[in-house]
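**Q** This is the structure, below, for whatever I ask next.
The values are calculated or read from the model by the stated rules, or taken from the named source; none is laboratory data. The structure presented is a predicted model; accordingly, all values stated were derived computationally and were not measured. Cβ placement follows ideal geometry from the backbone for every residue including glycine, while neighbour counts extend to all protein chains displayed. Surface accessibility is based on the protein's heavy atoms, side chains included, excluding ligands, DNA and RNA. Shrake-Rupley method; radii C 1.70, N 1.55, O 1.52, S 1.80 Å.
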Amino acid sequence: MSSKKIRVLVAKPGLDGHDRGAKVVARALRDAGMEVIYTGLRQTPEMIVRAAIDEAVDVIGLSILSGAHNAIFPRVMELLNAEGVDDILVVAGGIIPEDDVPMLKEVGIAEVFGPGTPLQEIVDFIQSNVKK
Amino acid sequence: MSVEKLVEGILSGKRRELARLISLIEDEDAIASEVLSRLYKNTGHAKIIGVTGPPGSGKSTLVTRITTEYRKREQSVGIICVDPSSPFSGGALLGDRIRMQEHSLDDEVFVRSMGTRGHLGGLSRATSDAVRAVDAFGKDVILVETVGAGQSEVEVIEIAHTVIVTDVPGSGDDIQAIKAGIMEIADIFVVNKSDLPGADKKVTEINAMLDTDQKMGTWRPPVILTNGRTGEGITELVDMIEEHFAYLASSGQLEARGLRRSREELEQLMEYKLTRELLSTLRGRPEYENAIREIALRREDPYTVAERLITEFLVKCRE
């Protein structure tokens, strides 16, 4: 029981009204042996970054459905950089048009998982890409 | 990250270093004990409050409200909340933060979630050292929220000055109230969700239980009605926590607790280190493996073998 566990912050930025998808992913990560900290709805980028630092997570999973990703995700990355955090893997999911993905990857989002992604694919990606 | 950098960072109030240390403690990394031993002399200043009670009795909400009240009184607060790890995957879903949003950007509040990682008793193995780290970090008050406790998760008394046991109306009858275990560890009882029917009856049942307590000292645990949603009763509750702390100090119990705790901790550490030392000299040696086989085949018995191995070990240590 003493080995290093992957800690993941599952965060819901923006004004989404429900979090079913985030909960399904959180559950799958839990079942894969990770410690998942769930923030609840309507988080600001500042709240997410603070939680990620206090909880010393290895991964942040951002879930968003409302279409505000192009504003919110770069802001999260900007705040992480400002805090000097470069060892957290950031992934995203939700309703994100393919056209937006290249820009999001450019600001540092490692992968974007759309609707229908098999849960195992997310688990595998995290396990092979965590930064420590 | 180096020991030096962690120690300095924590003593100068850097939350990232504190967060890192807690992870190292949880992962049982050797660096953690080195850092903790350097920090030890800077601990012992925080008031440590344990909050325990059944799942869904409003512990997280109560912790948030208590934090709000302490912030009004200009005290800084550390919060450690423990949630269960899965016995199957070892994973965990730590959801206590959801209720603690209002403090999420307050620099004077540090919130950390922990999984039990297989440990029973309501806390994780790392909780006590994590509390110590937050203490060294300089928080005035540390709130420790246990997992949703059933009846025997009573470990929180070992680390907290004041233990709050929460209950809600309609949760079992007066027999539940006199059972052994969690009902015995409270310094303060809270009947939360006071707007639900049966709240007064619950208070009466707990008081009736206390009336028949033969071994109660000079502190009779008060029973306080609260409403986590509206904040009713919280000022009273925090006043009572302060009163309990003053009582501990004036009655000499604070000092006695400190001594008891230091003794337990030292003895546990020695036991752990000694066992590890002994086993490292034995494991893998053919005579040792052979003795195990002999015990399994009933040609030797474990009582005699244990005696012999320990005597041999001690003799060798003297040489």
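**Q** Which whole-number value in Å² is the accessible area per residue of the protein assembly as shown, probe 1.4 Å?
**A** Ligands and nucleic acids excluded, the result is 49 Å² per residue.
**Q** About the Cα centre, and with charges only on the beta carbon of Lys, Arg (+1) and Asp, Glu (-1), how big is the dipole of segment B:1-90? Nearest 20 debye, please.
**A** 560 debye
**Q** Turning to a different aspect of this structure: State to the nearest 20 debye the size of the charge dipole of segment B:1-42 about its Cα centre, where the only charges are +1 on K and R beta carbons and -1 on D and E beta carbons.
**A** So the dipole magnitude of segment B:1-42 works out to roughly 300 debye.
**Q** Have a look at segment A:19-45 and report residues whose accessible surface goes down by 50 Å² or more when the remaining protein chains are included, against the chain on its own, probe 1.4 Å, ligands and DNA/RNA excluded.
**A** A:R30, A:E35, A:Y38
**Q** How many partner chain Cβ atoms sit within 10 Å of a residue's Cβ in peptide B:82-88, on average, as a whole number?
**A** Partner-chain Cβ atoms within 10 Å, mean over residues of B:82-88: 2.
**Q** Rounded to whole Hz and in sequence order, give me ³J(HN,Hα) for segment A:100-106 from the Karplus expression 6.51 cos²θ - 1.76 cosθ + 1.60, θ = phi - 60°, writing x for Gly and Pro.
**A** The phi angles translate into 7, 4, x, 5, 5, 5, 4 Hz.
**Q** Once phi is turned into θ = phi - 60°, what whole-Hz ³J(HN,Hα) does the Karplus curve with 6.51, -1.76 and 1.60 give for every residue of segment B:78-92, x standing for Gly and Pro?
**A** Couplings: x, 10, 10, 10, 10, 10, x, 8, 5, x, 9, 9, x, x, 8 Hz.
**Q** Students often get this wrong, so check it: of B:K273/B:K316; A:K105/A:K131; B:K47/B:K72, which have C-alpha atoms separated by over 19 Å?
**A** none
**Q** Which residues' amide hydrogens lie under 5 Å from the amide hydrogen of B:S86, considering only partners 5 or more residues apart or on another chain, with H built in the peptide plane?
**A** Under 5 Å from the amide H of B:S86 lie the amide H atoms of B:G91, B:A92, each far enough along the sequence or on another chain.
**Q** Give me the net charge of A:G67's neighbourhood, meaning all other residues with Cβ under 11 Å from the Cβ of A:G67; Lys, Arg count +1, Asp, Glu -1.
**A** After counting each charged neighbour, the total is -2.
**Q** Could you work out how far helix B:59-72 tilts from the main Cα principal axis of chain B, as a 0 to 90 degree angle to the nearest 10?
**A** 70 degrees
**Q** Which value, in square angstrom to the nearest 100, describes the accessible area buried between chains A and B on both sides, using a 1.4 angstrom probe?
**A** 2600 Å²
**Q** If you take every residue apart from A:R30 with its C-beta less than 14 Å away from the C-beta of A:R30, what net charge results, scoring Lys and Arg +1 and Asp and Glu -1?
**A** Within the 14 Å Cβ shell, the charges total +2.
**Q** Something else: Under the Karplus relation 6.51 cos²θ - 1.76 cosθ + 1.60, θ = phi - 60°, what is the ordered set of whole-Hz ³J(HN,Hα) values for segment B:293-307, x standing for Gly and Pro?
**A** Result, ordered by residue: 4, 4, 5, 4, 7, 6, 8, 10, 10, x, 5, 5, 5, 4, 4 Hz.
**Q** Give me the distance in nm between label points sitting 7 Å out from Cα along the Cα-to-Cβ direction at B:I31 and B:E108, one decimal.
**A** If labels sit at B:I31 and B:E108, their model points lie 3.2 nm apart.
**Q** Leaving out ligands, DNA and RNA, and with a 1.4 Å probe, what % of the accessible surface on chain A is carbon or sulfur?
**A** 53 percent
**Q** Below 26 Å, Cα to Cα, which lysines can B:K201 reach? Residues fewer than 8 away in the same chain don't count.
**A** Of all the lysines, those that pass the test against B:K201 - Cα under 26 Å, at least 8 places apart if same chain - are B:K59, B:K179, B:K193, B:K215.
**Q** Report, by chain and number, residues whose modeled amide H sits under 5 Å from the one on B:V111, excluding near sequence neighbours (fewer than 5 apart, same chain).
**A** Long-range HN contacts for B:V111: B:I79.
**Q** Could you pull out the chymotrypsin sites (Phe, Trp or Tyr not before Pro) across segment B:71-165 that fall in loop regions by DSSP (anything but H, G, I, E, B) with no more than 14 other Cβ atoms inside 10 Å?
**A** In loop regions of segment B:71-165 (DSSP not H, G, I, E or B), the sparsely surrounded chymotrypsin sites (Phe, Trp or Tyr not before Pro) are B:F88.
**Q** Quick one: which residues, 5+ away or cross-chain, put their amide H under 5 Å from the amide H of A:F113? H built at 1.01 Å from N.
**A** The answer is A:A92, A:G93, A:G94.
**Q** Quick one: helix B:234-250 against the long Cα principal axis of chain B, what's the angle to the nearest 10°, folded into 0 to 90?
**A** 50 degrees
**Q** Largest first, what is the accessible-area ranking of B:M216, B:M270 with a 1.4 Å probe?
**A** B:M270, B:M216
**Q** Using the crude model of +1 on Lys and Arg Cβ and -1 on Asp and Glu Cβ, and no other charge, please compute the dipole size for segment B:182-317 relative to its Cα centre, in debye to 20.
**A** Taking the Cα centre of segment B:182-317 as origin, the dipole is about 620 debye.
**Q** To the nearest 10 square angstrom, what accessible area does B:K273 show with a 1.4 Å probe?
**A** 100 Å²
**Q** State the answer as a single residue: which of B:L297, B:L274, B:P286 lies farthest towards the positive end of the charge dipole of segment B:262-318, with beta carbon charges of +1 for Lys and Arg and -1 for Asp and Glu, about the Cα centre.
**A** Value computed over the given set: B:P286.
**Q** To continue, here is another question. Working from Cα positions, state the angle (0 to 90°, nearest 10) between the long axis of helix B:253-282 and the longest principal axis of chain B.
**A** For B:253-282 against chain B, the angle is about 30 degrees.
**Q** Can you compute the helix-only [θ] at 222 nm over chain B? Use -39500 (n - 2.57) per DSSP H run of at least 4 residues, normalise by all residues, nearest 500 deg cm²/dmol.
**A** -15000 deg cm²/dmol
**Q** Lys/Arg Cβ at +1, Asp/Glu Cβ at -1, dipole of segment B:150-264 taken about the Cα centre: which of B:Q214, B:G252, B:V168 is farthest positive-ward?
**A** B:G252
**Q** Work through the residues other than B:T235 whose Cβ is under 14 Å from its Cβ and net out their charges, Lys, Arg +1 and Asp, Glu -1.
**A** -2
**Q** If you split all Cα-Cα distances of the protein assembly as shown into 10 Å bins from zero, what percentages do you get per bin, shortest first?
**A** Answer for the protein assembly as shown: a P(r) of 4, 19, 26, 23, 16, 9, 3, 0 percent.
**Q** Given A:G108, A:G40, B:V223, which one lies farthest toward the positive end of the charge dipole of the protein assembly as shown, if we put +1 on the Cβ of every Lys and Arg and -1 on the Cβ of every Asp and Glu?
**A** Of the candidates, A:G108 comes out farthest on the positive side.
**Q** Then there's this: On the protein heavy atoms, probe 1.4 angstrom, tell me the percent of accessible surface of chain B carried by carbon and sulfur.
**A** The value for chain B is 53 percent carbon and sulfur by accessible area.
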